[in-house]
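Report on one structure; see the data block that follows.
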Amino acid sequence: MGTRKEFTFPSSDGVHQVHAVLWLPQGEPRGVIQLVHGICEYALRYDPFAQYLSGHGFAVVGHDHLGHGLTAKGPEEYGYFSRWRDLVQDVRLLQLKVKETYPTQPYFLLGHSMGSFVARTFLIDYPGTLTGCILSGTGQEPALTVAAGKLLTGLGDPHKVNKLFYKLSIGAYNKQFAPSRTPADWICRDEAVVDAYLADPLCNFQTTAGMNHAMMTGLQYVAKKENLDKMDKDTPVYFFAGDQDPVGARGKGVEKVARWFREAGVKDVTVKLYPGGRHEMLNETNREEVYADALAWLEGHLG
């Protein structure tokens, strides 16, 4: 068995200490995977997957975003950050910190959901700094929808929940699985995972208008052709998602983003859609298959 360490580092926002977790294999790692978690969750939710990867010789590292997990100073900060750029720069700061110890190992980024939007921004802003990138549960709403969401979340108190935005986004996701057992049926088919998610105070909160507004800014940024063209064409990208994931428009949004990457000249783009899968494929009923596929892709790109 490998070891797991927790540590902190200063956020790019100049205020917070970012909570991070490092999973180490036995012996020298053959590569590093940096996890970028999604909305309303935190790095340690990835513990089973990280242990699987470390068991196969990889070092795995992840952190809790601003407004999330143990980076938030308390429940009053859950679901709030004001600048998209801070999230992206915190990913870069952690990468640089880890590279001090492992300067020559292949280095991969894995972003899920909102974390996939952060990872897509990272690919634009820091081209050539990764061996490869995995995007889980990504998607892209139409430009007009994103613009409307940005307008809506720019109204009122940024520290409060915009109930209309919530109803139109996450509320709408769950409606696709009616009659639903819980408000979080959309995340996966494993009822135990859904129940644990709803019982977890580090997951069971709603995002603020300020955070949603910042995320809409990020979604606009990653959709611009001139930004996509800045990506390193030689960095391979693996998209995976459930074909019933509402965030990825049941696969159509995932295919759309993959097409944008190919049109931007990215040479190695792979898409895997899992039949019946919902939003969190790493927690789905067939997660062992998803783990094995991710590992195979990583091993195929170690160089």
Of everything in segment 149-159 that's within 23 Å of the chain's Cα centre (by Cα) and more than 10 Å from residue 211 (Cβ to Cβ), which residue is surrounded by the most Cβ atoms within 10 Å (Cβ to Cβ)? 149
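Yes or no, residue by residue, for (1) open to solvent by less than 20 Å² (accessible area, probe 1.4 Å); (2) at positive phi; (3) in a helix (DSSP H, G or I):
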| site | (1), (2), (3) |
| --- | --- |
| 32 | yes, no, no |
| 41 | yes, no, no |
| 48 | no, no, yes |
| 65 | yes, no, no |
| 70 | no, no, no |
| 80 | no, no, no |
| 99 | no, no, yes |
| 108 | yes, no, no |
Within segment 184-202, the residues that are more than 18 Å from residue 286 (Cβ to Cβ), in contact with a Phe, Trp or Tyr (Cβ under 6 Å, 6 or more places away or on another chain) and either open to solvent by 30 Å² or more (accessible area, probe 1.4 Å) or touching a residue at least 40 places away in the same chain (Cβ under 8 Å) (or both) are 202
Which of the following residues is over 15 Å from the mean Cα position of the chain (by Cα), within 22 Å of residue 213 (Cβ to Cβ) and without any contact (Cβ under 8 Å) to a residue 24 or more places away in the chain: 100, 77? 77
What about residue 88, is it in contact with an Asp or Glu (Cβ under 8 Å, 6 or more places away or on another chain), more than 17 Å from residue 204 (Cα to Cα) and surrounded by 19 or more Cβ atoms within 10 Å (Cβ to Cβ)? yes
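Listed here are the residues, each with its yes/no results for (1) polar (S, T, N, Q); (2) touching a residue at least 40 places away in the same chain (Cβ under 8 Å); (3) open to solvent by 20 Å² or more (accessible area, probe 1.4 Å); (4) within 17 Å of residue 203 (Cα to Cα).
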position	(1), (2), (3), (4)
3	yes, no, yes, no
11	yes, yes, no, no
21	no, yes, no, no
56	no, yes, yes, no
So which residues in segment 206-217 are open to solvent by less than 30 Å² (accessible area, probe 1.4 Å) and in a loop (DSSP other than H, G, I, E, B)? 207, 208
Filter segment 220-257 for residues that are within 18 Å of residue 297 (Cα to Cα) and under 16 Å from the mean Cα position of the chain (by Cα) and give the result. 237, 238, 239, 240, 241, 242, 254
Within the set of pairs 6 or more residues apart or between chains, which connect a residue that is within 16 Å of residue 268 (Cβ to Cβ) and open to solvent by less than 60 Å² (accessible area, probe 1.4 Å) inside segment 218-234 to a residue that is at pLDDT below 95 and assigned to a helix (DSSP H, G or I) with Cβ atoms less than 7 Å apart? none
When both residues are 6+ apart or on different chains and their Cβ atoms are under 7 Å apart, which pairs have a first residue that lies in segment 130-157 and is free of Cβ contacts under 8 Å to residues at least 12 places away in the same chain and closer than 15 Å to residue 257 by Cβ, and a second that is surrounded by 23 or more Cβ atoms within 10 Å (Cβ to Cβ) and of a type in the set (A, V, I, L, M)? none
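The values are calculated or read from the model by the stated rules, or taken from the named source; none is laboratory data. Note that the structure is predicted; figures quoted are calculated from it, not measured. Cβ coordinates were reconstructed from backbone atoms using ideal geometry, including for glycine residues, and neighbour counts include every protein chain displayed. In case anyone asks, the SASA skips ligands and DNA or RNA and just uses the protein heavy atoms, side chains included. Shrake-Rupley method; radii C 1.70, N 1.55, O 1.52, S 1.80 Å.
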